[in-house]
Amino acid sequence: MRPTERQAMQLTITAMTYGPDGLARDPQGKAVFVSGGVIGDVVEARVVEDGASFSRAVVEEVLEPSPSRRQAPCPFVGVCGGCPWGSMSREAQLAAKEENLRSTLGRIGRFTPEEIDNLVKPIRFAKDEWGYRNKVELAPIHQNGKFSLGMHGRDPQQVIRVDKCPLFEKKYPKALKGVIGALSYLGNSRDLEIERVGIRASRRTRALEIALWTPTGAFPRAQVSRVLGDSLKPSSVVRVMSKGDRRARKVAGVEALLGEGSWTESIAQEQMRLSAPSFFQVNTAAAEILIELVMDALQPQEDEVAVDLYCGAGTFTLPLARRCEYVAAVESYGPAVRDLRRNLEIARLDNVDVIGGDAVREFPDEEADLLVVDPPRAGLAPEAIDLIASTPARAVAYVSCDPATLARDLRRFCDQGTFVPVSATPVDLFPQTFHCETVVHLVRRERPLAAKLG
């Protein structure tokens, strides 16, 4: 795609993409991805890139605002990368997310409209659309010899100066300003070599953790912990040391500078402790909907064996272990494996085999009755689908964070012939963004009578 000379055209946004942009058609019918538009807007847009099959444009003026357009509470909507759909009503966001799942299942998964109607259930969501995130990350700003922190913009190379974020946990409205102020003060007296800063907060446990990501080496531990402790009274301050090439940094160690050295959250009647490098869903209330959907789909029984692939620190492992005789839990990320073992100790559960390693290479030998898979954005490898199909399991719950790889994998399951999807429920874990989780329930396909007799 080539940059183009400044040209403007009137466009009507007819859909939202799985991304920050709206979708329109030019007079010749070519797709135009429009930055700054929401579904239903009539806009004057400037074309910035013109390709053979589609173009990209930026809204210069909203000529007729959509009924779905609203004034967002954040002044950085459209500039910061955190809430690209913030100018659109929640009802329109939910409808667009459900439609994105439906269209992707048809386009990539090759499911028919009738199959999609039977498969896709109404989108689920938690109450809060703002103030729901239990975690935010800040990036360093070095400008005119001064150090500060901000948030990545829609342009990933740009860092926006902010002092609050309406997406962050509403019980801690001053946390961002306090962290930025304290670390800017310290960073302007000496080079802290900060690569990023993570802040985690829980309204349920009142835990507040500040994680400083830095290279290995000397660090003013006492000074940093004192200043952050005095200004914010956090429950934990940790330093995450990393090494290696910047494009593929690896965690070399975590050291506690102040307090507990980990963050605690309460979810679905469980207490989970998490180290700073470990993944945890940023929307706790909506993550409980994921757990509910998985358990409702699988209906675990006390005499059954479950396998939890890509299990992380135990979001699904713990409730499975409460209900099943035995669980094999597989996770490749070292910090998450250690957190899972600790969370099982806290929960006093001894019926889980924690397996550290790749889900394909370390696929459990157990005769599983149930499987949960919660893979990264890349989805399941074909080998993983074959291994799942080789088990005698009666059902699978697939938790997906990407509709495109989900649709691809569901088609692979159908073509493989052992498991078929019977429901797919989108869950809005990320209001104000295009991201959406989906829980799919797959069941074992009944073999034809002739095959059974043979």
Notebook entry, point to check: If you roll a 1.4 Å probe over the heavy atoms of the protein chains, what accessible area per residue do you get for segment 325-454, in Å²?
Noted result: 43
Next item on the list: Using per-residue counts of other Cβ atoms within 10 Å, averaged over each peptide, order 223-233, 143-153 from highest down.
Entry: 223-233, 143-153
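When DSSP beta bridges are limited to those with both residues in the chain, what percentage is antiparallel, rounded to the nearest 5?
65
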Next item on the list: Mind checking the per residue accessible area of segment 235-302 for me, 1.4 Å probe, whole number of Å²?
Entry: 44
Check: Taking 0.36 nm per residue of separation and subtracting the Cα-Cα distance, what length does fully extending Arg70 through Ala222 add?
Finding: 50.1 nm
Next item on the list: Please find the FRET efficiency linking Asp296 to Lys164, where r is the Cβ-Cβ separation and R0 is fixed at 30 Å, and quote it to the nearest 0.05.
Entry: 0.20
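Within the chain, what's the longest run with no GluC sites (Glu not before Pro) in a DSSP loop and at most 11 other beta-carbon atoms within 10 Å? Give the range, please.
Longest gap between qualifying sites, sites excluded: 1-301.
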Checklist line | Unit Cα scatterers, Debye sum, the chain: log10 I(q)/I(0) for q = 0.14 Å⁻¹ | finding: -1.40
Checklist line | Amide hydrogen neighbours beyond the local backbone of Leu63, cut-off 5 Å, H modeled | finding: Val42, Val43, Glu44
Next item on the list: Can you send over the solvent-accessible area of Arg161, 1.4 Å probe, protein chains only, in Å² to the nearest 10?
Entry: 120
Next item on the list: State the Cα centre-to-centre distance between segment 235-278 and segment 199-218 in whole Å.
Entry: 7
Item checked: For segment 308-318, 3J(HN,Hα) per residue [Karplus equation, 6.51 cos²θ - 1.76 cosθ + 1.60, θ = phi - 60°, Hz, x = Gly/Pro] -> 10, 8, 6, 7, x, 8, x, 3, 9, 4, 5
Next item on the list: For the chain, with all protein chains present and a 1.4 Å probe, just round the carbon and sulfur fraction of the accessible area to a whole percent.
Entry: 49
Next item on the list: Within 10 Å, count the other beta carbons around each residue, average over each peptide in 32-39, 352-359, and list them highest first.
Entry: 32-39, 352-359
Next item on the list: Sticking with the crude label model, points 7 Å out along Cα→Cβ, report the distance from Glu367 to Gln157 in nm, one decimal please.
Entry: 5.9
Next item on the list: Would you list, by chain and number, the lysines whose Cα falls below 25 Å from the Cα of Lys127, excluding same-chain residues fewer than 8 positions away?
Entry: Lys97, Lys135, Lys164, Lys170, Lys171, Lys174
Next item on the list: Sort Trp130, Trp213, Trp263 by accessible area with a 1.4 Å probe, largest first.
Entry: Trp130, Trp213, Trp263
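Can you give the Rg to Rh ratio of segment 1-66, both from alpha-carbon atoms, with Rh computed by the Kirkwood formula?
0.92
Expressed in nm to one decimal, what extension gain is obtained for the pair Gln10 and Ala31 from 0.36 nm per residue of sequence separation less their Cα-Cα distance? Walk me through the numbers on the way to the answer.
Numbers: separation 21, 0.36 × 21 = 7.56 nm, distance 1.34 nm.
So the extension gain works out to 6.2 nm.
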Next item on the list: Please give the length that would be gained between Arg411 and Asp117 if that part of the chain were fully extended, namely 0.36 nm times their separation in residues minus their C-alpha to C-alpha distance (nm, one decimal).
Entry: 104.2 nm
Notebook entry, point to check: Which percent of Cα-Cα pairs in segment 233-363 sits in each 5 Å bin, short to long?
Noted result: 2, 10, 18, 21, 21, 14, 8, 5, 2, 0
Check: Just from its helices, what would the mean residue ellipticity at 222 nm be for the chain, if runs of 4 or more DSSP H residues each count -39500 (n - 2.57) and the sum is divided by every residue, rounded to the nearest 500 deg cm²/dmol?
Finding: -7500 deg cm²/dmol
Next item on the list: Kindly sort Met272, Met9 by accessible area of their heavy atoms, largest first, with the probe set to 1.4 Å.
Entry: Met9, Met272
Item checked: Dipole of segment 223-271, positive direction: furthest Cα of Ser225, Val240, Ile267, with charges on the beta-carbon -> Val240
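The values are calculated or read from the model by the stated rules, or taken from the named source; none is laboratory data. All values reported here derive from a predicted model rather than from experimental measurement. Using ideal geometry, Cβ is built from the backbone for each residue, glycine included, and neighbour counts are taken over all protein chains shown. For accessibility, only protein heavy atoms count, side chains too; no ligands or nucleic acids. Shrake-Rupley method; radii C 1.70, N 1.55, O 1.52, S 1.80 Å.
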